Protein chains: 2
Amino acid sequence: MTVIAYGAQAADRALEPMHINRRAPGAHDVAIDIAYCGVCHSDLHQVRSEWAGTLYPCVPGHEIVGTVAAVGAHVQGFQVGDLVGVGCMVDSCRHCADCEAGLENYCDGMVGTYNGPTADAPGHTLGGYSQSIVVDQHFVLRIRHPQEQLAAVAPLLCAGITTWSPLRHWQAGPGKTVGIVGIGGLGHMGIKLARAMGAHVVAFTTSESKRADAEALGANEVVVSRDAAAMAAWASRLDLIINTVAAPHDLDAFLTLLKRDGTMVLVGAPPSPHPSPQVFNLIIRRRALAGSMIGGIPETQEMLDFCAAHGITADIEMIRADQINGAFERMLKGDVKYRFVIDSATLAQAAA
Amino acid sequence: MTVIAYGAQAADRALEPMHINRRAPGAHDVAIDIAYCGVCHSDLHQVRSEWAGTLYPCVPGHEIVGTVAAVGAHVQGFQVGDLVGVGCMVDSCRHCADCEAGLENYCDGMVGTYNGPTADAPGHTLGGYSQSIVVDQHFVLRIRHPQEQLAAVAPLLCAGITTWSPLRHWQAGPGKTVGIVGIGGLGHMGIKLARAMGAHVVAFTTSESKRADAEALGANEVVVSRDAAAMAAWASRLDLIINTVAAPHDLDAFLTLLKRDGTMVLVGAPPSPHPSPQVFNLIIRRRALAGSMIGGIPETQEMLDFCAAHGITADIEMIRADQINGAFERMLKGDVKYRFVIDSATLAQAAA
């Protein structure tokens, strides 16, 4: 089936309308009419080949929500018309220890929703900046939010699970004080999720101007990280920090805010290394610096169900497909509160 | 009481015999006739003021073993003649969360066995390169090894507990594959302890010449870290790494050997920072880089009892007190298998 997509033909080209093929649904496949797709920072990095190995044409997008259009003969639990989502991956090896633990995101054979290996033409996966997608049922998530929230659910599939997974793994909840560093696409979800989990949430931002926004998102406290006295007041008081800032920065400024046995989890990799953290700051309180990458399918479903139950969605700015290149530029400047979402209904018009 | 000690009068002076005072034992104190004292790398750093804040005269030594000479009226569980040990600390605040958790080593009020604040003259604590010491009973450890092993027990009080604590905290044991990086004072204890705990032990050394020694210490496998192919064969296979190397080195070479959710624990702080580790290596398998500092009193007793039950001691080279300056020079070159221990009986002769 030929559908309209938005993608790039080369690293130095803007995104433009194109036609791509989607396979006929196999026995275990779910065909999805895409309603909305969130715009993630990694879309920009990959489409511009800023990370190694981008294949062209590149159709990005891994924050996909829509409606089931067809199901294969062996699909269980999904019916035509169901609201569903697809996140950062569409396949994995299915039998390694990671897959068996429901952590397909750490499987060596994980296939990304775009730029991953596939038998389908053109030989690599094409993502959610398109009218439809066909995905094995194992990687399809159920959405229990009301239909009118669907667009704002899209960013949960990457920004949501990327913060949810470490918050759960490192046991954020009542009695825990959790820092969220950076108030952008990931950070704004981290604040909402950590607060809803029952943690005491301390948001860290470089900008005093974001204080009111952070509080509105649910932060119990807001600390301007350029204010040395304000930072010093938080020394050794946090159980967990989710650090969403991918730009190189001083990790010690935050590591020193951890209690004994506290962990700071990095969810973004900087293009050049952070200044090397002081080992002394780790040793004197048995602190840890860790990393976390998106999340597995079972925990993604758990997160979506939690968000539906708690009325949590992302704060979004809806755009037309033909606004995507401008949205990339604004995203680079941090000029979005807090996630762009493409209205997939505009793809046909953009291609016309 | 005036006793003979070996210490330095200034950062640029060699260690020399001196007379120091020990307080009369208070109601909760244990007076200990020191039999042996291990020589730790940190003794050298502190006596030369390579870390900030050394007070003089400086009498180092925090791997102390000996015999109870006297006990205060309220001392319970220790009697004159008992074999006992004192490690890196002689006091703490006793009421913070760390102290209540038995992790006095992380207490802000922890008082080091030397160079820590005290009401005793000269106003800072003086360590185990001396004939005797007086210590609050809370910080005195019972030694259940046979008397003839006493000298080789001394290094357990620092090198032993410094590796034991992270091995236990990060759950080394049967079914776990544990890497020990560096085969020196700490590393040789790490190999012995991890093996006795039931872990599969992989020792990492820069030198092929240490292979037989590492195997004799108990390593199941030995990897020469300069051999890229040998290192690659261990990618993503270790549950835990105890990294004892304090010299700046490439942490990524070892972080990439961790499985998902594996942790590398640094137990030494380098004088200048390690090259900054790649965040990507942490993120892709939810790995962690952590630090750990000695251990608490309950776990030190647990470690000593475990070692007594398993016949574990350190491999030592006994020296006379007047050989300490030469021993420091040899230690700097890594020329010791694996710990110098001062025979305290030689102090009187050295001072004569």
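For the residues B:V75, B:V68, B:V111, B:V86, the requirement of being buried (at least 16 other Cβ atoms within 10 Å of the Cβ), over 22 Å from B:R320 (Cβ atoms), more than 14 Å from chain A (Cβ to nearest Cβ) and touching a His at 6+ places or on another chain (Cβ under 8 Å) singles out B:V75. Tell me, please, whether a residue that is within 16 Å of A:Y36 (Cα to Cα), in contact with a His (Cβ under 9 Å, 6 or more places away or on another chain) and part of a helix (DSSP H, G or I) can be found in region A:130-152. There is at least one residue in region A:130-152 that is within 16 Å of A:Y36 (Cα to Cα), in contact with a His (Cβ under 9 Å, 6 or more places away or on another chain) and part of a helix (DSSP H, G or I).
For B:G291, state whether it is over 25 Å from B:V111 (Cβ atoms), of a type outside the set (S, T, Y) and surrounded by 16 or more Cβ atoms within 10 Å (Cβ to Cβ). When the stated conditions are applied, B:G291 does not pass them. Counting only strands (runs of 3 or more DSSP E) that sit wholly inside region B:8-124, not one has at least 3 residues that are on the phi < 0 side of the Ramachandran plot, of a type in the set (S, T, N, Q) and in the same structural domain as B:G182 (by TED's automatic domain parsing). Tallying residues that are of a type in the set (A, V, I, L, M, F, W, C) and out of contact with any helix residue (DSSP H, G or I) (no Cβ under 9 Å at 6 or more places or on another chain) within region B:252-279 yields 1.
Quick check, is A:E16 buried (at least 16 other Cβ atoms within 10 Å of the Cβ) and without any contact (Cβ under 8 Å) to a residue 12 or more places away in the chain? In short, yes. The set of residues in region B:125-182 being surrounded by 24 or more Cβ atoms within 10 Å (Cβ to Cβ), within 13 Å of B:V86 (Cβ to Cβ) and among the aromatic types (F, W, Y) consists of B:Y129 alone. Scanning region B:111-127 for any residue that is touching a residue at least 40 places away in the same chain (Cβ under 8 Å) and closer than 16 Å to B:G295 by Cα turns up at least one such residue.
Checking every residue in region B:163-172 against the condition of being within 22 Å of A:D261 (Cβ to Cβ) and either among the β-branched types (V, I, T) or assigned by TED's automatic domain parsing to the domain that holds B:V75 (or both) gives at least one match. Summed over region A:279-301, residues that are facing chain B (nearest Cβ under 7 Å) and more than 23 Å from A:V201 (Cβ to Cβ) total 6. Got at least one residue in region B:294-302 being within 18 Å of the chain's Cα centre (by Cα), in the same structural domain as B:P146 (by TED's automatic domain parsing) and under 22 Å from B:D343 (Cβ atoms)? Scanning region B:294-302, I find no residue that is within 18 Å of the chain's Cα centre (by Cα), in the same structural domain as B:P146 (by TED's automatic domain parsing) and under 22 Å from B:D343 (Cβ atoms), so the answer is no. Screening A:R339 with (1) more than 14 Å from chain B (Cβ to nearest Cβ); (2) more than 16 Å from A:G87 (Cβ to Cβ); (3) among the basic types (K, R) gives one miss only, at (2). Are any of the residues in region A:320-329 over 30 Å from B:T162 (Cα atoms), among the basic types (K, R), assigned by TED's automatic domain parsing to the domain that holds A:V84 and surrounded by fewer than 18 Cβ atoms within 10 Å (Cβ to Cβ)? Yes, some residue in region A:320-329 is over 30 Å from B:T162 (Cα atoms), among the basic types (K, R), assigned by TED's automatic domain parsing to the domain that holds A:V84 and surrounded by fewer than 18 Cβ atoms within 10 Å (Cβ to Cβ). In the set A:G61, A:G102, only one residue is touching a strand residue (DSSP E or B) at 6+ places or on another chain (Cβ under 6 Å) and either closer than 30 Å to A:D315 by Cβ or buried (at least 24 other Cβ atoms within 10 Å of the Cβ) (or both); that residue is A:G61. Given (1) within 21 Å of B:C40 (Cα to Cα); (2) surrounded by 20 or more Cβ atoms within 10 Å (Cβ to Cβ); (3) more than 11 Å from chain A (Cβ to nearest Cβ); (4) not β-branched (V, I, T), where does B:A199 come up short, assuming only one miss? Unmet condition: (1). Screening B:P275, B:P271 for residues that are within 12 Å of chain A (Cβ to nearest Cβ), closer than 23 Å to A:H274 by Cα and modelled with pLDDT under 95 leaves exactly one candidate, B:P271.
The values are calculated or read from the model by the stated rules, or taken from the named source; none is laboratory data. The structure displayed is predicted, hence computed values, not measured ones. All Cβ positions, even for glycine, are placed from backbone atoms using ideal geometry, and neighbour counts span all protein chains on display.
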